[in-house]
1. With a cut-off of at least 2 residues that are open to solvent by 40 Å² or more (accessible area, probe 1.4 Å) and farther than 14 Å from I156 by Cβ, name the helices (runs of 4 or more DSSP H) lying wholly within the stretch 50-137.
2. From K58, K110, K72, K46, grab the single residue that is farther than 22 Å from F144 by Cα, modelled with pLDDT under 95 and among the basic types (K, R).
3. Take the residues in the stretch 236-285 that are closer than 18 Å to L195 by Cβ, modelled with pLDDT of 90 or more and aliphatic (A, V, I, L, M), then tell me which one is surrounded by the fewest Cβ atoms within 10 Å (Cβ to Cβ).
4. Which of the numbered conditions does K82 fail, given that it passes all the others? Conditions: (1) free of Cβ contacts under 8 Å to residues at least 24 places away in the same chain; (2) not assigned by the TED database to the domain that holds S96.
5. Name every residue in the stretch 146-171 that is among the small types (G, A, S), buried (at least 17 other Cβ atoms within 10 Å of the Cβ) and assigned to a loop (DSSP other than H, G, I, E, B), in order of residue number.
6. Out of everything in the stretch 1-44 that is of a type in the set (K, R) and surrounded by 13 or more Cβ atoms within 10 Å (Cβ to Cβ), what residue ends up being nearest to A74 (Cα to Cα)?
7. Looking at the stretch 172-213, which of its residues are of a type in the set (D, E, K, R), assigned to a helix (DSSP H, G or I) and either assigned by the TED database to the domain that holds F89 or in contact with a helix residue (DSSP H, G or I) (Cβ under 6 Å, 6 or more places away or on another chain) (or both)?
8. Taking the stretch 75-119 as the region of interest, how many residues are aromatic (F, W, Y) and in contact with a Leu (Cβ under 7 Å, 6 or more places away or on another chain)?
Amino acid sequence: MIIRQIFNNNVIRAENQVGHEFVVIGNGLGFKKKNGQRVDEEKIEKTFVLKSDKIPQKLIDLIGETSVEYLKVADEIVGNAKKEMGDIFSDNIYISLIDHIQFAISRYRKSVGLKNSLLWQIKKFYKKEFMIGMNALDMIHAQFGIHMDEHEASFIAMHFVNARQDGQGMKQTVEITEVIDDIFNIVTDYYQLALDETSFNYSRFITHLQYFAQRMLSNEQEQRASGDNFLYEQVKDKYTKAFQCTHLINQYLESKHESAMSIDEKVYLTIHIQRVTSRNDMAGS
């Protein structure tokens, strides 16, 4: 690898022989070095491996003003997330996570904690991301000696939710979570039951809601295809109660979000509601 930019004695930007860029961390990597020289690979401790060939300028600027400790813990957190969920996150996760950790640690050192109004929803609808957030707290404590609470874990989780959805923006991530929560409450209120959160059908139901809400808020809902009327009528007749619940959800979407479900969306959602509310999937049954 060849040095392309020296941030400080311990952090550099390097490029391999095929032109892929990396941010590389190691004690003394940049000491008395110049751009164009070879990287002393024996000193490498951490390497940021991004999906894109070129490092985003925003990340370069952020790294230039960030201490090594923050970079290391962010890389460790992202590495754990990829281990748990796969390499499904956009490169924006490094930017948002490093920035968040710096701000959070600054707050905690001043004894200023923040409450996440969506804590319950994040724990319920994004279980894997929340666990990544909780693991991140252990890594932050090991690096900085600071104890953070589950509210902070939920904020970190939201960054991974956002990065999993192509970095759509935190505002839309919040809106998606609120839509999921509203639909979830309509279902449980209508059926007057608690859903079994350990069941496979529950997991599929929540996943469907996540992608449905994302499509709806991005104005990318699936359009009705020819021949769907037959399946629509079958589902409507066979799953009467689930279909009526879907109708209530559609009314909510029209009223609050000015968006109506397509016939396909109604069919899929009705089937998911039928499955997740069946007796075998009811908590305590």
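1. 57-64, 68-85, 92-109
2. When all the criteria are applied, what remains is K58.
3. Only one residue fits best here, namely L248.
4. Unmet for K82, out of (1) free of Cβ contacts under 8 Å to residues at least 24 places away in the same chain; (2) not assigned by the TED database to the domain that holds S96: (2).
5. The one that is among the small types (G, A, S), buried (at least 17 other Cβ atoms within 10 Å of the Cβ) and assigned to a loop (DSSP other than H, G, I, E, B): G167.
6. Restricting to residues being of a type in the set (K, R) and surrounded by 13 or more Cβ atoms within 10 Å (Cβ to Cβ), the top hit is R13.
7. E175, D181
8. 1
The values are calculated or read from the model by the stated rules, or taken from the named source; none is laboratory data. Every value quoted in this text rests on a predicted model; they were computed, and no experiment measured them. For neighbour counting, all protein chains shown are included, and Cβ atoms are generated from backbone atoms with ideal geometry for every residue, glycine included. Just so you know, the surface numbers come from the protein's heavy atoms only, side chains and all, with ligands and any DNA or RNA stripped out. Shrake-Rupley method; radii C 1.70, N 1.55, O 1.52, S 1.80 Å.
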